[in-house]
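Here it is, the structure, as structure tokens.
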Amino acid sequence: MSWLHFFRPKPHCLKSFGRGINADIAKNEGELFNKAYEAFEKKEILNAYEFFFNSLMNYKNGISNENIILTKENETLKFIIYQGTAKVNGFTTNKKLYAEVTMVKAKSANVALKRYVLERNYQFTYINYCSDSNYIKLKLNLDNITMTPQKAFYPLRELALNADYDKEHMLSEFEQKELEDIQHIKKLDATELKVKYEFLHKWIDELNEKIHSLPSDDSIGMQSFLYLNFLFKIDYLIVPKCKIYQKLTKQLQDYFGDEEILPEVKNAELAKYILTLEKLNFDEFSLNFYKAKYTFSQIEKSSYDELINFIEESLIKLRWYKNNRHPQIIPTIYSYIALYALYNYGLNPPARKLLHVYISVIYAEYFKALGCSGYYDTDKNKFLKSDIISQIENIISEYKHQYKLLKAFGDELDFSSLNDFSNSYFSALKNLNFHEA
């Protein structure tokens, strides 16, 4: 055994968190994308697509997730793309690109579902629903004459994301029991499900206790932070799918989407929804989970400046509560900053990983229950300081080739208390330089 073995970083937790791909892109992703562009210009269509699909493959601990499968036969390149519940089957020749997802058996679809898919066709840019004698399918058909990597990426992304969303929607809203082509998704381990279920109820109990402890007047804003942080926490840490995910997403969209509704009314709606989660028995809860591979991110890419602006705006609110002697809400706002950002911003990989390290500190008890690294000893109220610093350094060094001005900040953190740590962590994140070389 090489002596270098002893200095290798700890392996990443194999559990998945949040709605990201939870994997690393190919180290030569940019090079592969450029080669695809050059091959398209030379009209070497099959070679171009091979470079393009290889640029979309992702990895965990250096091992391919096999989220894309390629097979070359004569003048045809066949491909399979996995995106949650969706299995995209397709092929490309020199002349055209075709891809489809088989959704449900045509004969098992009720009238409401058929109406839904017809209405959905008006919402798509590149794809459309169709039906043959056996199945309802979502399909894509493109000409390769003027193809580029960008012209292939966005239509395939639209197909994969919408097929995945609609399959879950059919399960939750239309009680469609017989979805097609979902053999690739796997059940979650019963032990992991039990941990998730127990923490769901633990966090609901903590939430209710905090809500009841708030002052009777001037607490609407604090209630909002508590309810929203809880939902973002469920989404990122417990990662429900199917019905819970669809309903939770709708609650968040309604809260942030309608500015005419009073905050106290919005809070009441969130409280009502959380009560439905509390009433779920374990069997009902378990139906909302599975393991799957993902190729495309749901969230559009964001600039790092957007995150910085959000952190600064949130810290202003935090200081207001601190100055007005509401210290009980401070930890929740810090948590909210990280979880909101992970939910709403398409951050670059190192930024997401650095936020995840922070989450691994403040929710260390949950991570440890899952068998992952949690960087805070809740029994002793003690930080695992060296592990935190090491994780930050590993992330910075991994992406230093792309972001030359990135600097590790572990030694600058304040480990006096969780609030001091949080404040110093977000201050450090605000000062990171993500300008590419």
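In whole Å and largest first, what semi-axes does the C-alpha gyration tensor of segment 188-431 yield when each eigenvalue is scaled by 5 and square-rooted?
So the equivalent ellipsoid measures 27, 23, 19 Å along its semi-axes.
Further, regarding this structure: Angle, helix 242-257 long axis vs. longest principal axis of the chain, Cα atoms, 0 to 90°, nearest 10?
Once rounded, one gets 70 degrees.
Hey, could you pull the Cα Rg and Dmax for the chain, both in Å?
Cα radius of gyration and Dmax of the chain are 23.3, 73 Å respectively.
Let me ask you something else. Which percent of the Cα-Cα distances in segment 216-342 go past 22 Å?
Above the 22 Å cut-off, segment 216-342 has 45 percent of its Cα pairs.
Give me the number: length gained by fully extending LEU118 to LYS186, i.e. 0.36 nm times residue separation minus the C-alpha to C-alpha distance, one decimal in nm.
Length gained, LEU118 through LYS186: 21.5 nm.
Also: Roughly how far apart, in whole Å, are the Cα centres of segment 198-251 and segment 385-423?
Comparing the Cα centres of segment 198-251 and segment 385-423, I get a distance of 29 Å.
Here is a further query. Applying a 10 Å radius around every beta-carbon, put 336-347, 423-434 in order of their mean neighbour count, most first.
336-347, 423-434
Any idea what the dipole of segment 21-72 comes to, in debye rounded to 20, about its Cα centre with Lys/Arg Cβ at +1 and Asp/Glu Cβ at -1?
With only Lys, Arg, Asp and Glu charged at Cβ, the dipole is about 80 debye.
Considering amide H positions built from the backbone, and no H for Pro or chain starts, which residues 5 or more places from ASN288, or on another chain, come under 5 Å of its amide H?
Under 5 Å from the amide H of ASN288 lies no amide H from a residue far enough along the sequence or on another chain.
Using heavy-atom solvent-accessible surface (probe 1.4 Å) with all chains present, what is the largest-first order of LEU418, LEU32?
Largest to smallest exposure gives the sequence LEU418, LEU32.
What area, in nm² and to one decimal, does the C-alpha convex hull of segment 18-77 cast on average over all directions?
Mean shadow area of the hull around the Cα atoms is 4.7 nm².
Counting only protein heavy atoms, what percent of the accessible surface of segment 188-431 is carbon or sulfur at a 1.4 Å probe?
Exposed carbon and sulfur together represent 49 percent of the surface.
Normalised by the number of residues in segment 24-174, what is the relative contact order in percent for Cα pairs under 8 Å and 6+ residues apart?
Normalised by residue count, the contact order of segment 24-174 is 20 percent.
Another question about this same structure. Tell me, what ³J(HN,Hα) does each residue in segment 263-275 have, in order and in whole Hz, if you take phi through Karplus 6.51 cos²θ - 1.76 cosθ + 1.60 with θ = phi - 60° and put x for Gly and Pro?
Values, residue by residue: x, 5, 5, 4, 4, 5, 5, 5, 4, 5, 5, 4, 4 Hz.
Can you give the Rg/Rh ratio of segment 24-174, where Rg is from the C-alpha atoms and Rh is the Kirkwood radius?
Taking Rg over the Kirkwood Rh, I get 1.00.
Okay, next question. For segment 42-108, taking Cα atoms only, what is the radius of gyration to one decimal and the Dmax to the nearest whole Å?
For segment 42-108, the Cα radius of gyration and maximum Cα-Cα distance read 13.8, 46 Å.
For the chain, what is the mean residue ellipticity at 222 nm derived from helices alone (per DSSP H run of n ≥ 4: -39500 (n - 2.57); sum divided by total residues; nearest 500 deg cm²/dmol)?
Theoretical 222 nm ellipticity from helices: -16000 deg cm²/dmol.
What do you get for the angle between helix 190-213 and the principal long axis of the chain? Use alpha-carbon atoms, 0 to 90 degrees, nearest ten.
Relative to the chain, helix 190-213 is tipped by roughly 40 degrees.
Now, a different point. Applying 1/(1 + (r/R0)^6) with R0 = 56 Å to the Cβ-Cβ distance of LYS279 and THR146, what FRET efficiency is obtained, to the nearest 0.05?
0.55
Can you compute the charge dipole magnitude of segment 117-266 about its Cα centre, using +1 on each Lys and Arg Cβ and -1 on each Asp and Glu Cβ, nothing else charged? Give it in debye, rounded to the nearest 20.
Dipole size: approximately 600 debye.
Another question about this same structure. If amide hydrogens are placed 1.01 Å from N in the peptide plane, which non-local residues have theirs closer than 5 Å to the one on LYS293?
GLY84
On a 0 to 90° scale, report how tilted helix 304-323 is relative to the longest principal axis of the chain, with both axes built from alpha carbons and the result rounded to the nearest 10.
20 degrees
Determine the dipole magnitude for the chain: charges of +1 sit on the beta-carbon of Lys and Arg, -1 on that of Asp and Glu, nothing else is charged, the reference point is the Cα centre, and the result goes in debye to the nearest 20.
About 920 debye.
Over the chain, give the accessible area per residue in Å² for a 1.4 Å probe, as an integer.
Per residue, the chain has 52 Å² of solvent-accessible surface.
Got a sec? Which residues in segment 376-416 would a label at LYS194 touch, if it sits 7 Å along Cα→Cβ and we count backbone N under 19 Å?
From segment 376-416, the list is empty.
What does segment 247-288 give for Rg and for Dmax, in Å, if only its C-alpha atoms count?
Rg then Dmax for segment 247-288, in Å: 12.3, 38.
The values are calculated or read from the model by the stated rules, or taken from the named source; none is laboratory data. Note that the coordinates shown come from a computational prediction; the quantities given were computed from them, not determined experimentally. Ideal geometry is used to build each Cβ from the backbone, glycine not excepted, and the neighbour counts take in all protein chains shown. Calculation scope for accessible area: heavy atoms of the full protein, side chains included, ligands and nucleic acids excluded. Shrake-Rupley method; radii C 1.70, N 1.55, O 1.52, S 1.80 Å.
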